[in-house]
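Asks: Structure incoming, see below.
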Amino acid sequence: MKYKWYVPYLFILLALIGLFVFRLGPIGMVTGISFTDWSPFGDPSFIGFENYEYMFTDPYFWEIVTNTIIFSVIFVPSILIFSLLLAVLLNKGMKGTTLFRVMYFAPVITSTVAIGIVWQWLFSSDVGFINFLLRTFGMENPPSWLSDGKFSLVVVAFVYSWKRIGYYMIIYLAGLQDIPKVLMEAARIDGASKFKMFFKITVPLITPTTFFVLIMAIIDSFKNFEIVYTMTRGGPGISSTTLSYYIFQNAFEMFDMGYASSVAVFLLFIVGVITFVNFKMKSRWVKYQY
């Protein structure tokens, strides 16, 4: 049978259609809209780089960028540390491991809106369970977690980390189970402590998994719309407003699709740059061979 060059592409045709229709197509449309002044109730008019000029000179925008960075700085290390620790504990084969896996993974498949509502009640300044405990232990004036700009962003980042840790725990668990047992047994016979085995064997051998988790967690940290919308609506003021929520506000509350699209393009650019830098630096610390 004669080889036809297009046959391999037929096997990935559906994936290519999905890529262009649901990924590259919308990205191209948003980029085009970012150069217009457009409300859904009127026709778009081309205004060039005016949206970008306004965005880069708006002090509120840079405060929101700072909020997004702070959110990521809290979220990403929390994911890397606690998901790995949980995976290590579950990898030991203790009794009830399956039950704990289900418990830790349950928040991942639970609606973000439902989780936000529950934690909003827990952090309520008046009737919240957390402040009830603090008063029980003698704190007369516990913090107003969600209505105080000093705490609101940290609380939202904590809740989102709690929701997503189970997902990355499963990824780490798969990486841990891929480590050859003979290496651990050899280290144990040589008298290595558990501390040394973890940092000298486990951590280096799961660097490919860590790299994947790092990239996904960074991207995940910028997609935090639902939890912000549910818990704080970006408040008080703009103290917990992130770029994802700012895009929503401009697009669907103020109906400024052009400006919202320019912020979305900026967000895409930032995520792309961070991802590119990580891929460039991975050769320094990621090892794909034992």
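Asks: Which pairs in the list K150/K194; K92/K287; K200/K282; K181/K223 are over 28 Å apart, alpha-carbon to alpha-carbon?
Replies: Beyond 28 Å: K150/K194; K181/K223.
Asks: Before anything else, pin down the relative contact order of the chain: Cα pairs under 8 Å, at least 6 apart, normalised by residue count, whole percent.
Replies: Over the chain, the number comes to 28 percent.
Asks: At a Förster distance of 51 Å, what's the computed FRET efficiency of F255 paired with F195, Cβ-Cβ distance as r, to 0.05?
Replies: 0.35
Asks: Okay, next question. When the Karplus curve 6.51 cos²θ - 1.76 cosθ + 1.60 is applied with θ = phi - 60°, which whole-Hz ³J(HN,Hα) does each residue of region 250-264 get, with x for Gly and Pro?
Replies: Per residue, the Karplus-derived 3J(HN,Hα) values read 5, 7, 10, 10, 9, 6, 9, 5, x, 5, 4, 5, 5, 5, 5 Hz.
Asks: Would you grab the residues whose amide H sits under 5 Å from the one on T36? Only those 5+ places off in sequence or on another chain, please, with H modelled 1.01 Å from N.
Replies: I47
Asks: Same structure, new question: Under 16 Å Cα-Cα from K95, which lysines qualify once same-chain neighbours fewer than 8 residues away are excluded?
Replies: Those lysines meeting the cut-off do not exist here.
Asks: Right, next: Which whole-number percent gives the relative contact order of region 173-290, counting Cα pairs below 8 Å spaced six or more residues apart?
Replies: With pairs under 8 Å counted, the relative contact order is 26 percent.
Asks: If packing is taken as the mean number of other Cβ atoms within 10 Å per residue, what is the order of 231-242, 272-283, highest first?
Replies: Per-residue mean Cβ counts within 10 Å order the peptides as 231-242, 272-283.
Asks: When the helix-only estimate is applied to the chain (DSSP H runs of n ≥ 4, each -39,500 (n - 2.57), divided by the residue count), what is the mean residue ellipticity at 222 nm, nearest 500 deg cm²/dmol?
Replies: Taken over the chain, the calculation gives -20000 deg cm²/dmol.
Laboratory data are not the source of any read-out in this text; all were calculated from the coordinates shown. Worth saying up front: this structure is predicted, and the values here are computed from it rather than measured. Using ideal geometry, Cβ is built from the backbone for each residue, glycine included, and neighbour counts are taken over all protein chains shown.
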